[in-house]
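Every read-out reported here was derived from the displayed coordinates using simple, explicitly stated rules and does not represent laboratory data. Nothing here was measured: the structure is a model prediction, and the numbers come from that model. Cβ sites come from the backbone with ideal geometry, for glycine too, and all protein chains shown count toward neighbours.
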């Protein structure tokens with residue numbers, strides 16, 4: 001089974017394991033959707049993937065943080 005051409009959502013893509021996974025996924029032909037809290041770092045990771053693959057991945061603005069107050073706490 002190949003995942004090339006499939007979209008993969010990666011949380012924590014701004015650094016560490018998430019960033020490494022996003023880069024490897026791009027290298028293997030997947031289309032990473034980058035999710036994280038740091039827009040600057042997401043932009044940088046998207047640039048790395050684009051430089052390596054010729055395709056610019058999608059990335060979100062920072063993930064909204066859920067607050068306990070949203071759940072009545």
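Taking the Cβ-Cβ separation of residue 3 and residue 56 as r and a Förster radius of 25 Å, what is the calculated FRET efficiency to the nearest 0.05?
Efficiency computed from Cβ-Cβ geometry: 0.85.
Give me the Kirkwood hydrodynamic radius of region 1-65 in Å, from all C-alpha pairs, to one decimal place?
That comes to 11.3 Å for region 1-65.
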